[in-house]
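Chemist: Pasting a structure here, questions to come.
The values are calculated or read from the model by the stated rules, or taken from the named source; none is laboratory data. Since we're looking at a predicted model, the values are computed, not measured. When we count neighbours, we look across all protein chains shown, and the Cβ atoms used for this are built from the backbone with ideal geometry, even at glycine. Note: areas computed on protein heavy atoms with side chains; ligands, DNA, RNA excluded. Shrake-Rupley method; radii C 1.70, N 1.55, O 1.52, S 1.80 Å.
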Amino acid sequence: MALILNGADASVAIRTAMAGEVANFDAQGYRAPHLVAILVGTDGGSMTYVGAKKKACDDIGFTGTVLHFEADITEEFLLNEINRINQDPSIDGLIVQLPLPKHISEEKVTEAILPEKDVDGFHDINMGRLAKGSDGVKPATPYGITLLLKHYGIDIAGKHAVVLGRSNIVGRPMSMLLSAAADYGNATVTLCHSRTQNLKDYTLQADILVVALGKPGFVTADMVKPGAVVVDVGTTRVDDATKKAGWKLMGDVDYAAVEPVASAITPVPKGVGPMTITGLMMNTLVVYKKSVEAGKIAKKSPA
Ligand code: GUN
(Lines give C-alpha, C1' and ligand atoms only; values in the text may rest on other atoms or scores of the structure.)
Protein backbone atom coordinates (compact mmCIF):
# COMPACT_ATOMS: atom_id res chain seq x y z
CA MET A 1 0.00 0.00 0.00
CA ALA A 2 1.49 3.28 -1.11
CA LEU A 3 1.26 6.40 1.00
CA ILE A 4 -1.35 8.62 -0.65
CA LEU A 5 0.00 12.13 -1.13
CA ASN A 6 -3.32 13.89 -0.69
CA GLY A 7 -3.04 17.45 -1.94
CA ALA A 8 -6.43 18.40 -0.55
CA ASP A 9 -5.43 17.40 3.00
CA ALA A 10 -1.98 18.95 2.68
CA SER A 11 -3.54 22.15 1.34
CA VAL A 12 -5.88 22.42 4.33
CA ALA A 13 -2.93 22.07 6.72
CA ILE A 14 -0.67 24.49 4.85
CA ARG A 15 -3.41 27.06 4.23
CA THR A 16 -4.45 26.89 7.92
CA ALA A 17 -0.86 27.69 8.92
CA MET A 18 -0.86 30.56 6.41
CA ALA A 19 -4.14 31.87 7.88
CA GLY A 20 -2.40 31.98 11.26
CA GLU A 21 0.38 34.11 9.77
CA VAL A 22 -2.12 36.45 8.14
CA ALA A 23 -3.97 36.83 11.46
CA ASN A 24 -0.64 37.74 13.09
CA PHE A 25 0.01 40.48 10.56
CA ASP A 26 -3.54 41.73 11.08
CA ALA A 27 -2.96 41.84 14.85
CA GLN A 28 0.13 43.97 14.19
CA GLY A 29 -2.01 46.42 12.18
CA TYR A 30 -1.06 45.45 8.62
CA ARG A 31 -3.57 45.13 5.80
CA ALA A 32 -4.23 41.63 4.40
CA PRO A 33 -2.25 40.23 1.44
CA HIS A 34 -4.10 41.07 -1.77
CA LEU A 35 -4.24 38.82 -4.84
CA VAL A 36 -5.92 39.92 -8.09
CA ALA A 37 -6.96 37.32 -10.68
CA ILE A 38 -7.90 38.44 -14.17
CA LEU A 39 -10.26 36.21 -16.11
CA VAL A 40 -11.04 36.92 -19.76
CA GLY A 41 -14.04 35.20 -21.33
CA THR A 42 -16.07 32.27 -20.05
CA ASP A 43 -13.92 29.14 -20.51
CA GLY A 44 -15.43 26.57 -18.11
CA GLY A 45 -12.14 25.27 -16.72
CA SER A 46 -10.75 28.77 -16.23
CA MET A 47 -13.87 29.93 -14.39
CA THR A 48 -13.63 26.93 -12.05
CA TYR A 49 -9.93 27.53 -11.34
CA VAL A 50 -10.37 31.25 -10.71
CA GLY A 51 -13.33 30.49 -8.41
CA ALA A 52 -11.15 28.06 -6.44
CA LYS A 53 -8.38 30.68 -6.17
CA LYS A 54 -10.85 33.28 -4.87
CA LYS A 55 -12.18 30.79 -2.30
CA ALA A 56 -8.62 29.98 -1.16
CA CYS A 57 -8.02 33.72 -0.64
CA ASP A 58 -11.20 34.02 1.45
CA ASP A 59 -10.30 30.93 3.53
CA ILE A 60 -6.78 32.17 4.32
CA GLY A 61 -7.79 35.77 5.00
CA PHE A 62 -6.31 37.33 1.88
CA THR A 63 -8.18 39.95 -0.08
CA GLY A 64 -9.06 38.18 -3.35
CA THR A 65 -10.26 40.27 -6.27
CA VAL A 66 -11.47 38.74 -9.52
CA LEU A 67 -11.57 41.04 -12.55
CA HIS A 68 -13.76 39.32 -15.13
CA PHE A 69 -13.66 40.80 -18.62
CA GLU A 70 -15.52 39.94 -21.82
CA ALA A 71 -13.69 37.78 -24.37
CA ASP A 72 -13.64 40.65 -26.88
CA ILE A 73 -11.57 43.14 -24.85
CA THR A 74 -8.50 44.40 -26.69
CA GLU A 75 -4.95 43.44 -25.86
CA GLU A 76 -4.25 47.11 -25.19
CA PHE A 77 -7.05 47.28 -22.62
CA LEU A 78 -5.69 44.24 -20.81
CA LEU A 79 -2.11 45.56 -20.84
CA ASN A 80 -3.37 48.87 -19.41
CA GLU A 81 -5.17 47.01 -16.61
CA ILE A 82 -2.00 45.09 -15.81
CA ASN A 83 -0.01 48.31 -15.76
CA ARG A 84 -2.51 49.88 -13.39
CA ILE A 85 -2.28 46.91 -11.02
CA ASN A 86 1.53 46.88 -11.26
CA GLN A 87 1.53 50.41 -9.90
CA ASP A 88 -1.09 49.87 -7.19
CA PRO A 89 0.69 49.42 -3.83
CA SER A 90 -2.43 47.87 -2.27
CA ILE A 91 -2.06 44.80 -4.55
CA ASP A 92 0.66 42.20 -3.87
CA GLY A 93 0.05 39.55 -6.51
CA LEU A 94 -1.49 39.36 -9.98
CA ILE A 95 -2.35 36.41 -12.16
CA VAL A 96 -3.97 36.38 -15.57
CA GLN A 97 -5.73 33.06 -16.06
CA LEU A 98 -4.65 31.24 -19.22
CA PRO A 99 -5.61 30.44 -21.92
CA LEU A 100 -6.48 33.87 -23.31
CA PRO A 101 -8.58 34.55 -26.43
CA LYS A 102 -6.51 34.12 -29.59
CA HIS A 103 -6.27 37.85 -30.40
CA ILE A 104 -4.37 38.52 -27.14
CA SER A 105 -0.70 37.54 -26.89
CA GLU A 106 -0.11 35.39 -23.79
CA GLU A 107 3.58 36.14 -24.07
CA LYS A 108 3.04 39.92 -24.01
CA VAL A 109 0.61 39.63 -21.13
CA THR A 110 2.91 37.40 -19.07
CA GLU A 111 5.86 39.73 -19.60
CA ALA A 112 3.77 42.83 -18.74
CA ILE A 113 3.24 41.69 -15.16
CA LEU A 114 5.75 43.16 -12.73
CA PRO A 115 8.05 40.22 -11.82
CA GLU A 116 7.65 41.02 -8.10
CA LYS A 117 3.85 40.61 -8.44
CA ASP A 118 3.99 37.61 -10.81
CA VAL A 119 2.78 35.01 -8.29
CA ASP A 120 2.34 32.38 -11.04
CA GLY A 121 6.12 32.63 -11.54
CA PHE A 122 5.72 32.67 -15.36
CA HIS A 123 7.70 35.85 -16.14
CA ASP A 124 11.05 35.46 -17.94
CA ILE A 125 12.79 37.20 -15.04
CA ASN A 126 11.39 34.73 -12.52
CA MET A 127 12.25 31.79 -14.81
CA GLY A 128 15.74 33.26 -15.16
CA ARG A 129 16.13 33.67 -11.41
CA LEU A 130 15.00 30.07 -10.98
CA ALA A 131 17.57 28.90 -13.54
CA LYS A 132 20.30 30.84 -11.70
CA GLY A 133 19.15 29.76 -8.26
CA SER A 134 18.67 33.36 -7.15
CA ASP A 135 15.71 34.68 -5.21
CA GLY A 136 12.60 35.02 -7.39
CA VAL A 137 8.95 34.00 -7.38
CA LYS A 138 8.78 30.24 -7.89
CA PRO A 139 6.43 28.73 -10.49
CA ALA A 140 3.24 27.93 -8.59
CA THR A 141 2.59 24.31 -9.67
CA PRO A 142 6.14 22.95 -9.26
CA TYR A 143 6.47 24.92 -6.02
CA GLY A 144 3.20 23.39 -4.79
CA ILE A 145 4.58 19.93 -5.57
CA THR A 146 7.67 20.60 -3.44
CA LEU A 147 5.35 21.76 -0.61
CA LEU A 148 3.38 18.51 -0.96
CA LEU A 149 6.52 16.34 -0.79
CA LYS A 150 7.74 18.31 2.23
CA HIS A 151 4.36 18.00 3.96
CA TYR A 152 4.58 14.21 3.73
CA GLY A 153 8.24 14.10 4.78
CA ILE A 154 9.53 12.80 1.43
CA ASP A 155 13.33 13.13 1.20
CA ILE A 156 14.51 14.73 -2.03
CA ALA A 157 18.20 15.47 -1.43
CA GLY A 158 20.49 13.05 -3.24
CA LYS A 159 17.58 11.19 -4.85
CA HIS A 160 17.23 10.62 -8.58
CA ALA A 161 14.21 12.59 -9.76
CA VAL A 162 12.97 11.91 -13.29
CA VAL A 163 10.61 14.52 -14.76
CA LEU A 164 8.49 13.61 -17.80
CA GLY A 165 7.54 16.69 -19.82
CA ARG A 166 9.39 19.93 -20.54
CA SER A 167 6.57 22.49 -20.52
CA ASN A 168 7.36 26.01 -19.36
CA ILE A 169 4.64 25.81 -16.71
CA VAL A 170 5.54 22.47 -15.11
CA GLY A 171 8.23 20.12 -16.44
CA ARG A 172 11.12 22.48 -17.06
CA PRO A 173 10.72 24.60 -13.90
CA MET A 174 10.11 21.40 -11.89
CA SER A 175 13.48 20.07 -13.03
CA MET A 176 15.12 23.33 -11.98
CA LEU A 177 13.48 23.39 -8.52
CA LEU A 178 14.34 19.76 -7.80
CA SER A 179 17.99 20.29 -8.79
CA ALA A 180 18.37 23.60 -6.88
CA ALA A 181 20.76 23.86 -3.95
CA ALA A 182 17.87 24.39 -1.56
CA ASP A 183 15.85 22.42 0.99
CA TYR A 184 13.23 21.59 -1.67
CA GLY A 185 15.90 20.42 -4.12
CA ASN A 186 19.35 18.82 -4.18
CA ALA A 187 18.08 15.92 -6.28
CA THR A 188 19.88 14.51 -9.30
CA VAL A 189 17.45 15.31 -12.10
CA THR A 190 16.76 13.78 -15.50
CA LEU A 191 14.33 15.65 -17.76
CA CYS A 192 12.62 13.42 -20.32
CA HIS A 193 10.30 14.51 -23.12
CA SER A 194 8.54 13.38 -26.29
CA ARG A 195 11.85 12.82 -28.13
CA THR A 196 13.50 10.80 -25.35
CA GLN A 197 14.58 7.38 -26.60
CA ASN A 198 14.14 4.30 -24.41
CA LEU A 199 12.06 6.26 -21.91
CA LYS A 200 11.51 3.27 -19.64
CA ASP A 201 15.28 2.99 -19.02
CA TYR A 202 15.04 6.38 -17.31
CA THR A 203 11.72 6.04 -15.51
CA LEU A 204 12.88 2.74 -13.97
CA GLN A 205 15.78 4.62 -12.35
CA ALA A 206 13.53 7.21 -10.73
CA ASP A 207 13.32 7.46 -6.95
CA ILE A 208 10.92 10.33 -7.58
CA LEU A 209 8.92 10.32 -10.84
CA VAL A 210 7.07 13.51 -11.78
CA VAL A 211 4.77 13.13 -14.78
CA ALA A 212 3.46 16.20 -16.61
CA LEU A 213 2.60 15.12 -20.14
CA GLY A 214 -1.17 15.53 -20.46
CA LYS A 215 -1.45 11.93 -21.70
CA PRO A 216 -4.02 10.02 -19.63
CA GLY A 217 -2.75 6.73 -18.20
CA PHE A 218 0.64 7.02 -19.96
CA VAL A 219 2.77 5.69 -17.07
CA THR A 220 2.18 1.99 -16.53
CA ALA A 221 3.36 -0.25 -13.68
CA ASP A 222 6.26 -1.72 -15.69
CA MET A 223 7.76 1.80 -16.00
CA VAL A 224 8.00 2.38 -12.25
CA LYS A 225 10.77 1.25 -9.89
CA PRO A 226 9.36 -0.54 -6.83
CA GLY A 227 9.26 1.95 -3.95
CA ALA A 228 9.31 5.05 -6.14
CA VAL A 229 7.46 8.25 -5.22
CA VAL A 230 5.09 9.06 -8.10
CA VAL A 231 3.70 12.56 -8.69
CA ASP A 232 0.99 12.85 -11.34
CA VAL A 233 0.45 16.36 -12.72
CA GLY A 234 -1.94 15.26 -15.47
CA THR A 235 -5.50 16.59 -15.41
CA THR A 236 -7.14 15.68 -18.70
CA ARG A 237 -10.92 15.85 -18.98
CA VAL A 238 -12.19 12.58 -20.46
CA ASP A 239 -15.80 11.75 -21.27
CA ASP A 240 -17.59 9.82 -18.53
CA ALA A 241 -21.35 9.35 -18.89
CA THR A 242 -21.63 8.18 -15.26
CA LYS A 243 -20.60 11.65 -14.01
CA LYS A 244 -23.06 14.54 -13.72
CA ALA A 245 -20.70 16.84 -15.64
CA GLY A 246 -20.30 14.19 -18.37
CA TRP A 247 -16.52 14.06 -17.81
CA LYS A 248 -13.92 13.13 -15.22
CA LEU A 249 -10.32 14.17 -14.64
CA MET A 250 -7.66 11.62 -15.56
CA GLY A 251 -4.02 11.73 -14.61
CA ASP A 252 -0.99 10.68 -16.68
CA VAL A 253 -0.41 7.65 -14.44
CA ASP A 254 -2.36 4.40 -14.52
CA TYR A 255 -3.13 4.82 -10.83
CA ALA A 256 -4.69 1.40 -10.09
CA ALA A 257 -1.71 -0.45 -11.58
CA VAL A 258 1.07 1.85 -10.30
CA GLU A 259 -0.15 2.38 -6.73
CA PRO A 260 0.87 -1.14 -5.55
CA VAL A 261 4.40 -0.62 -6.96
CA ALA A 262 5.01 2.87 -5.57
CA SER A 263 5.89 3.83 -1.98
CA ALA A 264 3.91 7.06 -2.34
CA ILE A 265 1.63 8.45 -5.05
CA THR A 266 -0.60 11.44 -5.77
CA PRO A 267 -4.22 10.71 -6.73
CA VAL A 268 -6.13 12.58 -9.46
CA PRO A 269 -8.14 14.53 -8.44
CA LYS A 270 -7.08 15.74 -4.96
CA GLY A 271 -3.37 15.40 -5.67
CA VAL A 272 -1.34 18.09 -7.38
CA GLY A 273 -4.41 20.19 -8.37
CA PRO A 274 -5.06 21.78 -4.97
CA MET A 275 -1.29 22.21 -4.45
CA THR A 276 -1.08 24.47 -7.51
CA ILE A 277 -3.39 26.90 -5.73
CA THR A 278 -1.54 26.42 -2.44
CA GLY A 279 1.74 27.27 -4.23
CA LEU A 280 0.08 30.39 -5.63
CA MET A 281 -1.16 31.40 -2.19
CA MET A 282 2.26 30.77 -0.67
CA ASN A 283 3.86 32.94 -3.35
CA THR A 284 1.39 35.72 -2.55
CA LEU A 285 2.23 35.49 1.16
CA VAL A 286 5.97 35.47 0.40
CA VAL A 287 5.83 38.62 -1.78
CA TYR A 288 3.60 40.29 0.82
CA LYS A 289 6.05 39.48 3.64
CA LYS A 290 8.91 40.88 1.55
CA SER A 291 6.98 44.13 1.14
CA VAL A 292 6.26 44.28 4.89
CA GLU A 293 9.94 43.69 5.67
CA ALA A 294 10.96 46.36 3.14
CA GLY A 295 8.62 48.85 4.83
CA LYS A 296 6.47 49.10 1.69
CA ILE A 297 3.24 48.25 3.52
CA ALA A 298 2.30 50.83 6.13
CA LYS A 299 0.33 49.88 9.22
CA LYS A 300 -3.33 50.78 9.06
CA SER A 301 -4.15 53.89 11.03
CA PRO A 302 -6.36 53.07 14.05
CA ALA A 303 -10.08 53.40 13.31
N1 GUN B 1 -4.05 27.96 -16.79
C2 GUN B 1 -3.76 26.69 -16.47
N3 GUN B 1 -2.95 26.63 -15.41
C4 GUN B 1 -2.72 27.91 -15.04
C5 GUN B 1 -1.97 28.51 -13.99
O6 GUN B 1 -1.32 27.85 -13.17
N7 GUN B 1 -2.00 29.87 -13.94
C8 GUN B 1 -2.69 30.62 -14.84
N9 GUN B 1 -2.63 31.94 -14.71
N10 GUN B 1 -3.40 30.09 -15.82
C11 GUN B 1 -3.41 28.74 -15.90
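Chemist: crowded, with 19+ Cβ neighbours inside 10 Å, within 24 Å of Lys138 (Cα to Cα) and without any contact (Cβ under 8 Å) to a residue 40 or more places away in the chain - does that describe any residue in the range 274-296?
Modeler: No, because not a single residue in the range 274-296 is crowded, with 19+ Cβ neighbours inside 10 Å, within 24 Å of Lys138 (Cα to Cα) and without any contact (Cβ under 8 Å) to a residue 40 or more places away in the chain.
Chemist: Then there is this: Return a yes/no flag: does the range 137-149 have any residue that is away from the ligand (no atom under 16 Å from the Cβ), more than 18 Å from Ala182 (Cβ to Cβ) and either in contact with a helix residue (DSSP H, G or I) (Cβ under 8 Å, 6 or more places away or on another chain) or not basic (Lys, Arg) (or both).
Modeler: Checked against the condition, which is being away from the ligand (no atom under 16 Å from the Cβ), more than 18 Å from Ala182 (Cβ to Cβ) and either in contact with a helix residue (DSSP H, G or I) (Cβ under 8 Å, 6 or more places away or on another chain) or not basic (Lys, Arg) (or both), the range 137-149 yields no hits at all.
Chemist: Take residues that are out of contact with any Lys or Arg (no Cβ under 6 Å at 6 or more places or on another chain), open to solvent by 30 Å² or more (accessible area, probe 1.4 Å) and closer than 19 Å to Ser167 by Cα and tell me which of the helices (runs of 4 or more DSSP H) falling wholly in the range 87-156 contain 1 or more. I'd like the intermediate steps shown before the answer.
Modeler: Working: elements: 106-112, 124-132, 140-151.
Fully inside the range 87-156 and qualifying: 106-112, 124-132.
Chemist: Going by what's in this entry, would Thr48 be described as without any contact (Cβ under 8 Å) to a residue 40 or more places away in the chain, under 17 Å from Thr141 (Cβ atoms) and of a type outside the set (Asp, Glu)?
Modeler: yes
Chemist: Still on this structure, please answer the following. Within the set of pairs 6+ apart or on separate chains, which have a first residue in the range 174-190 that is over 11 Å from Ile208 (Cβ atoms), a second that is open to solvent by less than 20 Å² (accessible area, probe 1.4 Å) and among the polar types (S, T, N, Q), and C-beta atoms under 8 Å apart?
Modeler: Correct list of pairs: Leu177/Thr146; Tyr184/Thr146; Gly185/Thr146.
Chemist: Go over the candidates Leu204, Leu249, Leu213 one by one and state the one that is among the aliphatic types (A, V, I, L, M) and within 30 Å of Gly136 (Cβ to Cβ).
Modeler: After applying the criteria, what remains is Leu213.
Chemist: How many residues does the range 19-55 hold that are in a strand (DSSP E or B), in contact with a Lys or Arg (Cβ under 9 Å, 6 or more places away or on another chain) and within 16 Å of the ligand (Cβ to nearest atom)?
Modeler: Result for the range 19-55: 3.
Chemist: Does the range 203-241 hold any residues that are surrounded by fewer than 19 Cβ atoms within 10 Å (Cβ to Cβ), among the acidic types (Asp, Glu) and in a strand (DSSP E or B), and which are they?
Modeler: Selection gives Asp239 alone.
Chemist: Mind listing just one residue for me: the one in the range 56-86 that is part of a loop (DSSP other than H, G, I, E, B) and not charged (D, E, K, R) and, of those, most open to solvent (accessible area, probe 1.4 Å)?
Modeler: Initially, the range 56-86 is screened for residues part of a loop (DSSP other than H, G, I, E, B), giving 61-62, 70-74.
Narrowing further to those that are not charged (D, E, K, R): 61-62, 71, 73-74.
Values: Gly61: 33, Phe62: 12, Ala71: 51, Ile73: 24, Thr74: 76 Å².
So, considering only residues that are part of a loop (DSSP other than H, G, I, E, B) and not charged (D, E, K, R), the one most open to solvent (accessible area, probe 1.4 Å) is Thr74.
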